[in-house]
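Read-outs throughout are calculated quantities, based only on the coordinates presented, and are distinct from any laboratory measurement. These figures come from a predicted structure and were not determined experimentally. Methodologically, a virtual Cβ is constructed for each residue, glycine included, from the backbone with ideal geometry; neighbour enumeration extends over all protein chains shown.
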Amino acid sequence: MDLAAATAQLTAAGVATPRVDAELLLAHVLGVPRSRLVLVEAIPADAAAEFAALVRRRAERVPLQHLVGTAPFRHLDIAVGPGVFVPRPETELLVDAVLAEVRVGSVVVDLCAGSGAIGLAVAQEAPGSVVVAVELAPEALTWLRHNAAGSSVRVVRGDVTDAGLLTGLSGGVDVVVSNPPYVPAATEVAPEVRADPPGAVFAGADGLALIPAVLARAAQLLRPGGLLALEHDDTHARPVAQLAAAAGFGEIADHTDLTGRPRYLTARHCRTHR
Ligand SMILES: C[S@@+](CC[C@H](N)C(=O)[O-])C[C@H]1O[C@@H](n2cnc3c(N)ncnc32)[C@H](O)[C@@H]1O
């Protein structure tokens, strides 16, 4: 199979970016960066067979990241597969919001950490920060521990709905960052999204089921003036801002993603620790 045939097969299957996916799968099989594919003159027979098999699975809408085993996130390749949410490019923006705040010695808590993408990126790009990544789902925790191995990120198994979470850090955290599940339950999603664990994507009928708990934990953990950066559904800018105000946050600002959709909120904890 060559790139043109693979692209045609992926196009017919409804893959959103067929040429890019075909190139990334071929680069993966050949063990070269995608940018080096132009230098490849012929595909060896065994590689062509492996490529054809991967293209077939991608045409079945298995996520590209599951097939190659990693998802790019900022300067990292995060290991992913069944059982963990695949980090998305729009979430990279949350890291910028955190980095603008973090200094050497700053304490950062990543709630609902999944693969660990956010916390690991912060730890890499802000050396000297202290990052704690909290995740509940056992399968996701396995990926998180794998990704965090050898990094400075501390992994904690915990539930954001638990008022006793990280009580040792109460009132002393500089930044809380979170990309929690937020999709309304009845939302039609692409086949690739159905490969993410449902508990990582959906959050009750309105998608807001977990937001009050995330806000409550952030309010508990943050020092006065500490920053919250919270990703949300593009229809949730207003209700999330209202919930944040009710939870004791001020300086509430909403931010758009690269497609111009409302995507995340930043806010400062202004009530003293309750
Ligand atoms: C949308 S995924 C985000 C993962 C990662 N932060 C990212 O941006 O790629 C949400 C994560 O929250 C976790 N989660 C869901 N409910 C939770 C809870 N009550 N406590 C802690 N984590 C939870 C899910 O298992 C999932 O890994």
Under the rule rounded for a/c under 1.5, else prolate if a/b exceeds b/c, else oblate, using alpha carbon gyration tensor axes a ≥ b ≥ c, segment 107-201 is classed as prolate
Given the rule -39500 (n - 2.57) for each run of at least 4 DSSP H residues, summed and divided by the residues of the chain, what is its mean residue ellipticity at 222 nm, to the nearest 500 deg cm²/dmol?
-> -10500 deg cm²/dmol
How high is the FRET efficiency from Val32 to Gln242, r the C-beta distance, R0 45 Å, rounded to 0.05?
-> 0.35
Rounded to one decimal in nm, the spacing of the 7 Å Cα→Cβ label points at His146 and Ala48 is 3.2 nm
Longest span of the chain, sites excluded, free of GluC sites (Glu not before Pro) in DSSP loop with at most 16 other C-beta atoms within 10 Å?
-> 61-187
One would report the antiparallel percent of DSSP beta bridges in segment 16-153, rounded to the nearest 5, as 45 percent
In whole angstrom, note down how far apart the Cα centers of segment 121-180 and segment 197-274 are.
-> 17 Å
When Ser178, Ser151, Ser115 are arranged by how many other beta-carbons sit within 10 Å of their Cβ, fewest first, they go Ser151, Ser178, Ser115
Cleavage-rule hits (trypsin sites (Lys or Arg not before Pro)) in segment 63-148: DSSP loop, at most 12 neighbouring Cβ within 10 angstrom | Arg103
Quick shape check on the chain: root eigenvalues a ≥ b ≥ c of the Cα gyration tensor, a/c under 1.5 is rounded, otherwise prolate if a/b tops b/c, else oblate, and it reads prolate
Prolate/oblate/rounded call for segment 1-80, Cα gyration tensor, a/c under 1.5 rounded = oblate
Pair Val62, Arg88: separation of 7 Å Cα→Cβ label points (nm) | 2.3 nm
Quote the FRET efficiency, to the nearest 0.05, computed for Glu251 versus Ser170 with a Förster distance R0 of 25 Å and r equal to the Cβ-Cβ distance.
-> 0.75
Among Ala42, Ala100, Ala229, residue whose mean-square fluctuation peaks in a GNM of the chain (springs only between Cα atoms under 10 Å) | Ala42
Find how much the distance from Ala205 to Glu41 grows on full extension, using 0.36 nm per residue of separation minus their present alpha carbon separation; answer in nm with one decimal.
-> 53.8 nm
Among Leu258, Leu228, Leu67, whose mean-square fluctuation peaks in a Gaussian network model of the chain (Cα, cutoff 10 Å)?
-> Leu258
Selected from Pro44, Pro184, Pro197 as most flexible by GNM, with the chain as the system and alpha-carbon contacts under 10 Å = Pro44
By how many nm would the segment from Asp77 to Glu188 lengthen if fully extended, with 0.36 nm per residue of separation less the alpha-carbon distance?
-> 37.1 nm
